[in-house]
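Undergrad: I am attaching a structure below and will ask some questions about it afterwards.
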């Protein structure tokens, strides 16, 4: 099932999805509009695998096998033979619409078109295609290769066949838990985690506690792998801001209004791991320095 998978977007999330698919034995075609960005992404992916080797999580042979399954693709047209394409581009409705419109032209009708969007309408994305019944949401939680839950979002015209194929692939091939979510801005995971991050930002702005202690409280007290502020750094502060702004517009409730501190960080270009600094500092491999 879905032997060859296309991934559109080689950013943090796209790279993580590509790695996860390769680990599960799928051939992956990775597309990024910027060739240099694609090369950098593959270098970061290899660095991630090297760190896993250092922890004895994988062998050198496994690393080579994973990398050999991931192939660069120069354009969306190169995905024409894929059974499934997962779009993981920037969280922009206009960008995603253009991608889906093109994919719908190039791929056979039997192929499934999935989006990793965390806030956008699948019905609206599907509306630019000739075959909206094959469009579905497949929202992974970062890092995709480690987190074992995937939200499946049906658009208004998503067919039962597309849903069942996607569910089987997630549960039987990827060996992850799936939850079916009705279309709603933020779905379940983004809606809940962004509210927690925003509240942590308000605590920090009000001087209630330091960034280190806020994160420590949630890591130790509630057994989170990362605290909310480090989570924001790893998601990308610009992505968190975009998600909150969209939910604020859609729901019109003050609880979704982004913290001023978050806006200042984004304006300053301190976006988290991707820029080396956010609420904490990180090296080029994404490891926290302070």
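Undergrad: Among 260, 95, what is the fewest-to-most ranking by other Cβ atoms within 10 Å? Display every interim value, and only then the final one.
TA: Details: 260 11, 95 14.
Placing the least packed residue first, the sequence is 260, 95.
Undergrad: How far is helix 189-205 tilted, in degrees, relative to the longest principal axis of the Cα atoms in the chain, given as a value from 0 to 90 rounded to the nearest 10?
TA: Roughly 20 degrees, rounded to the nearest 10.
Undergrad: While we're on this one: With the crude spin-label approximation of a point 7 Å out along Cα→Cβ, what separation in nm comes out for residue 36 versus residue 156?
TA: 4.3 nm
Undergrad: Please give the per residue volume of the convex hull enclosing the alpha carbon atoms of segment 172-290, rounded to a whole number of Å³.
TA: Considering the Cα atoms of segment 172-290, their hull volume per residue is 129 Å³.
Undergrad: In degrees, nearest 10, range 0 to 90: what is the angle between the Cα axis of helix 12-23 and the longest Cα principal axis of the chain?
TA: 50 degrees
Undergrad: Please label the shape of segment 1-126 as rounded, prolate or oblate, based on the square roots a ≥ b ≥ c of the eigenvalues of the alpha-carbon gyration tensor (a/c under 1.5 means rounded; beyond that, a/b larger than b/c means prolate, else oblate).
TA: Since a/c reaches 1.5 and a/b is larger than b/c, the shape of segment 1-126 is classed as prolate.
Undergrad: Divide, for segment 43-202, the radius of gyration over alpha carbons by 2.2 N^0.38 Å, where N is the residue count. It would help to have the intermediate numbers written out before the result.
TA: Working: Rg = 17.0 Å, N = 160, 2.2 N^0.38 = 15.1 Å.
Against the empirical 2.2 N^0.38 Å value, I get 1.12 for segment 43-202.
Undergrad: Could you please rank 222, 282, placing first whichever residue has the fewest other Cβ atoms within 10 Å of its Cβ?
TA: With the sparsest Cβ surroundings first, the list reads 222, 282.
Undergrad: Still on this structure, please answer the following. If we count other beta carbons within 10 Å of each Cβ, what is the order of 130, 26, fewest first?
TA: Least crowded to most crowded, the residues run 130, 26.
Undergrad: Would you please classify the overall shape of segment 105-165 from the alpha carbon gyration tensor, given that a ≥ b ≥ c denote the square roots of the eigenvalues, rounded means a/c under 1.5, and beyond that prolate means a/b larger than b/c while oblate covers the rest?
TA: On the way: a/c = 1.94, a/b = 1.69, b/c = 1.15.
Verdict is prolate for segment 105-165.
Undergrad: Round to the nearest 0.05 the FRET efficiency obtained for residue 226 and residue 72 when R0 = 30 Å and r is the Cβ-Cβ distance.
TA: Plugging the Cβ-Cβ distance into 1/(1 + (r/R0)^6) gives 0.45.
Undergrad: Let me ask something additional. Placing one identical point scatterer on every Cα of segment 7-75 and ignoring solvent, what is log10 I(q)/I(0) from the Debye formula at q = 0.14, 0.21, 0.27 Å⁻¹?
TA: -0.37, -0.81, -1.24
Undergrad: Separate question: Restricting to Cα atoms and excluding each atom paired with itself, what does the Kirkwood estimate give for segment 190-259 in Å?
TA: Numbers: mean 1/r = 0.0818 Å⁻¹.
It works out to 12.2 Å.
Every number in this text was worked out from the coordinates using simple rules, so none of it is lab data. Remember, it's a predicted structure, so these values are computed and weren't measured experimentally. Cβ: placed from backbone, ideal geometry, glycine included. Neighbour counts: every protein chain shown.
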